[in-house]
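Colleague: Take a look at the following structure, please.
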Amino acid sequence: MKRNYELAFIVRMDPQQAVIDEHIKHVQEWVEADGYGEVLTMNRWGQRRLAYEIDKQRDGYYVFLDINIDPVGLPELETNLKLATSVLRYLLIRKES
């Protein structure tokens, strides 16, 4: 049974927009891996100043995804997000039905 979640994450800044787009595409692929989930909407906030320095980065690229995913696929998704060097921070919350 799939449930609705909101995934917010901050991508490490890069001078080339194509590199940032590639990192975002990887996150989308992780959500859709093995048919567990799907991305419903994507909201790109773009480059923003971080509240505090993370890994010597002062700016990050903010992205918010509304996803529909089976809870069985969440551990793998979170593991990928934790291990990705391109993702500075993430927050995954379940939306109320």
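The values are calculated or read from the model by the stated rules, or taken from the named source; none is laboratory data. Nothing here was measured: the structure is a model prediction, and the numbers come from that model. Cβ: placed from backbone, ideal geometry, glycine included. Neighbour counts: every protein chain shown.
Colleague: So Val72 clears everything in (1) part of a helix (DSSP H, G or I); (2) surrounded by 13 or more Cβ atoms within 10 Å (Cβ to Cβ); (3) of a type in the set (A, V, I, L, M, F, W, C) except one condition, right? Which one?
Modeller: Answer for Val72: the failing condition is (2).
Colleague: On to the next question. Among the numbered conditions (1) of a type outside the set (A, V, I, L, M); (2) in contact with a strand residue (DSSP E or B) (Cβ under 6 Å, 6 or more places away or on another chain); (3) in contact (Cβ under 8 Å) with a residue 40 or more places away in the chain; (4) part of a helix (DSSP H, G or I), tell me where Trp30 comes up short.
Modeller: Among (1) of a type outside the set (A, V, I, L, M); (2) in contact with a strand residue (DSSP E or B) (Cβ under 6 Å, 6 or more places away or on another chain); (3) in contact (Cβ under 8 Å) with a residue 40 or more places away in the chain; (4) part of a helix (DSSP H, G or I), Trp30 violates only (2).
Colleague: Do any residues in segment 38-56 that are in contact (Cβ under 8 Å) with a residue 60 or more places away in the chain have Cβ atoms under 8 Å from those of residues that are hydrophobic (A, V, I, L, M, F, W, C) and surrounded by 13 or more Cβ atoms within 10 Å (Cβ to Cβ), where the two are at least six apart or on different chains, and which pairs are they?
Modeller: Close Cβ pairs (under 8 Å, with a partner that is hydrophobic (A, V, I, L, M, F, W, C) and surrounded by 13 or more Cβ atoms within 10 Å (Cβ to Cβ)) do not exist here.
Colleague: Continuing with this model, one more query. Residue check: is Val63 modelled with pLDDT of 95 or more, in contact with a strand residue (DSSP E or B) (Cβ under 6 Å, 6 or more places away or on another chain) and either surrounded by 12 or more Cβ atoms within 10 Å (Cβ to Cβ) or closer than 11 Å to Tyr5 by Cβ (or both)?
Modeller: Yes, satisfied.
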